[in-house]
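Chemist: Okay, handing you the structure first.
The values are calculated or read from the model by the stated rules, or taken from the named source; none is laboratory data. On a predicted model such as this, the values are computed, not experimentally measured, just so you know. Here the Cβ positions follow ideal geometry from the backbone for every residue, glycine too, while neighbour counts run over all protein chains shown.
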Amino acid sequence: MIFVVDFDGTAATEDTVDKLLEQHADPAWETVEKEWLDGHIDAQECMRAQVRLVRADRGTLASFVNSIQLDPHFKAFHDYVSHFAALAVVSDGLDYTVRNTLSREGLGTLPVFSNRLHFVGTDQLDISFPYRQSDCAGGNGVCKCSIARRLAAQHGTPVVLIGDGKSDACLAAEADIVFAKGSLIRYCEAEGIPHTPFVDFDDVLRAVEAWNLTMRMSATA
């Protein structure tokens, strides 16, 4: 079993990319965002243009990461499922933000698949896409479907998606089990994809605990 967990708005309590842009980017990032939402550019083009509008040096970025909060129940969820399943954070966000936040919370050994942030000069940023697939249906920087297939080959199925938004939509149609919040709920409802709504990882943990209780009861029946 493999849990594929989104980061922004899922493992983290808010969208850390939007937060970074709001605090440290030229306001033109909002125009780029609208172009993406209107379908004029794909997610990769949107992210590259927005990241290049950020002005922040290494110290500023480190302070920014320290302001990011994980879901308060995420570590308990991680500790529970790690006894019987694999878990990976698969994010169409920024590796610098994801990795440093997880490390700060004692979760630095978790596998992370995300877009790669680069420092350019003293206060400029750029981005590369090591997990980009040219045939990604969502046009995302990280093709979550291809990552999930690779992880399933290593760890077995089912594939359990836990996500909240547009970058999770394609995988929602492929995953065996879907936990959804935010706009992913609306997408699953519109597409008829079975899913379990959740508010935070306490909800997810309780649902997974119930699976194991059911399996134990079946084994002893």
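Chemist: Please tell me if Gln44 is in contact with a Phe, Trp or Tyr (Cβ under 7 Å, 6 or more places away or on another chain), surrounded by 18 or more Cβ atoms within 10 Å (Cβ to Cβ), polar (S, T, N, Q) and at pLDDT below 95. Break it down stepwise before answering.
Modeler: Numbers: in contact with a Phe, Trp or Tyr (Cβ under 7 Å, 6 or more places away or on another chain): yes; surrounded by 18 or more Cβ atoms within 10 Å (Cβ to Cβ): yes; polar (S, T, N, Q): yes; at pLDDT below 95: yes.
Spelling it out, Gln44 is indeed in contact with a Phe, Trp or Tyr (Cβ under 7 Å, 6 or more places away or on another chain), surrounded by 18 or more Cβ atoms within 10 Å (Cβ to Cβ), polar (S, T, N, Q) and at pLDDT below 95.
Chemist: Testing Arg150 on (1) without any contact (Cβ under 8 Å) to a residue 40 or more places away in the chain; (2) farther than 25 Å from Asn100 by Cβ, one condition comes back false. Which one is that?
Modeler: (2)
Chemist: Give me the residue from segment 167-178 that is among the charged types (D, E, K, R) and not in a loop (DSSP other than H, G, I, E, B) and, out of that set, farthest from Asp203 (Cα to Cα).
Modeler: Applying the first criterion (among the charged types (D, E, K, R)) to segment 167-178 yields 168, 174, 176.
Keeping just the survivors that are not in a loop (DSSP other than H, G, I, E, B) gives 168, 174.
On the way: Asp168: 19, Glu174: 22 Å.
Going through the qualifying residues, I end up with Glu174.
Chemist: Still on this model: Pairs, please: C-beta under 6 Å, at least 6 apart or cross-chain, first residue in a strand (DSSP E or B) and in segment 97-117, second surrounded by fewer than 16 Cβ atoms within 10 Å (Cβ to Cβ) and not basic (Lys, Arg)?
Modeler: Filtered contacts from segment 97-117: Arg116/Ser128; Arg116/Pro130.
Chemist: Another question, if that's okay. Only one residue in Asp202, Asp135, Asp164 is among the charged types (D, E, K, R), farther than 14 Å from Ile2 by Cβ and crowded, with 17+ Cβ neighbours inside 10 Å. Which one? Full working, then the answer.
Modeler: Numbers: Asp202 fails: crowded, with 17+ Cβ neighbours inside 10 Å; Asp135 fails: crowded, with 17+ Cβ neighbours inside 10 Å.
One residue alone meets the criteria, Asp164.
Chemist: Applying the selection to segment 140-184, what residues are of a type in the set (Val, Ile, Thr), farther than 13 Å from Ser91 by Cα and modelled with pLDDT under 95?
Modeler: Initially, segment 140-184 is screened for residues of a type in the set (Val, Ile, Thr), giving 142, 147, 157, 159-160, 162, 177-178.
Adding the requirement that they be farther than 13 Å from Ser91 by Cα leaves 157, 159-160, 177-178.
Result: Thr157, single match.
Chemist: Here's another thing I want to ask about it. Consider segment 136-166. How many of its residues are touching a strand residue (DSSP E or B) at 6+ places or on another chain (Cβ under 6 Å), within 16 Å of Asp176 (Cβ to Cβ) and part of a loop (DSSP other than H, G, I, E, B)? Break it down stepwise before answering.
Modeler: Filtering segment 136-166 for residues touching a strand residue (DSSP E or B) at 6+ places or on another chain (Cβ under 6 Å) gives 140-142, 144, 147-148, 151-152, 155, 158-162.
From what is left, the residues that are within 16 Å of Asp176 (Cβ to Cβ) are 144, 147-148, 151-152, 155, 158-162.
Subset that is part of a loop (DSSP other than H, G, I, E, B): 158.
Going through segment 136-166 one residue at a time, the tally reaches 1.
Chemist: Conditions first: (1) in a helix (DSSP H, G or I); (2) under 22 Å from Arg186 (Cα atoms); (3) not hydrophobic (A, V, I, L, M, F, W, C). His78 passes all but one, so which condition is the exception?
Modeler: Of (1) in a helix (DSSP H, G or I); (2) under 22 Å from Arg186 (Cα atoms); (3) not hydrophobic (A, V, I, L, M, F, W, C), only one is false for His78: (2).
Chemist: Let me ask something additional. Here is a list: Glu174, Glu191. Which entry is of a type in the set (D, E, K, R), surrounded by fewer than 13 Cβ atoms within 10 Å (Cβ to Cβ) and more than 13 Å from Val81 (Cβ to Cβ)?
Modeler: Numbers: Glu174 fails: surrounded by fewer than 13 Cβ atoms within 10 Å (Cβ to Cβ).
So the residue among Glu174, Glu191 that is of a type in the set (D, E, K, R), surrounded by fewer than 13 Cβ atoms within 10 Å (Cβ to Cβ) and more than 13 Å from Val81 (Cβ to Cβ) is Glu191.
Chemist: Tell me, yes or no, whether segment 98-106 has at least one residue that is over 16 Å from the mean Cα position of the chain (by Cα) and under 17 Å from Ser167 (Cβ atoms).
Modeler: Looking for residues that are over 16 Å from the mean Cα position of the chain (by Cα) and under 17 Å from Ser167 (Cβ atoms), one finds none in segment 98-106, hence no.
Chemist: A further question follows. Report the residue count in segment 42-71 for those that are assigned to a loop (DSSP other than H, G, I, E, B) and within 16 Å of the chain's Cα centre (by Cα). It would help to see each step written out before you state the result.
Modeler: Step one: list which residues in segment 42-71 are assigned to a loop (DSSP other than H, G, I, E, B), which gives 42, 52-53, 56-57, 67-69, 71.
Add one more test, that the residue is within 16 Å of the chain's Cα centre (by Cα), and what stays is 68-69, 71.
Matching residues across segment 42-71 total 3.
Chemist: With Val65, Val32, Val54 as the choices, which residue is of a type in the set (Val, Ile, Thr), in contact (Cβ under 8 Å) with a residue 60 or more places away in the chain and either over 23 Å from Arg150 (Cα atoms) or surrounded by 14 or more Cβ atoms within 10 Å (Cβ to Cβ) (or both)?
Modeler: Numbers: Val65 fails: in contact (Cβ under 8 Å) with a residue 60 or more places away in the chain; Val32 fails: in contact (Cβ under 8 Å) with a residue 60 or more places away in the chain.
Exactly one of Val65, Val32, Val54 is of a type in the set (Val, Ile, Thr), in contact (Cβ under 8 Å) with a residue 60 or more places away in the chain and either over 23 Å from Arg150 (Cα atoms) or surrounded by 14 or more Cβ atoms within 10 Å (Cβ to Cβ) (or both), namely Val54.
Chemist: Further question: Test each condition in (1) in contact with a helix residue (DSSP H, G or I) (Cβ under 8 Å, 6 or more places away or on another chain); (2) among the small types (Gly, Ala, Ser); (3) at pLDDT 95 or above; (4) over 18 Å from Val17 (Cα atoms) for Ala137 and report the one that comes out false.
Modeler: Just one mismatch for Ala137, condition (3).
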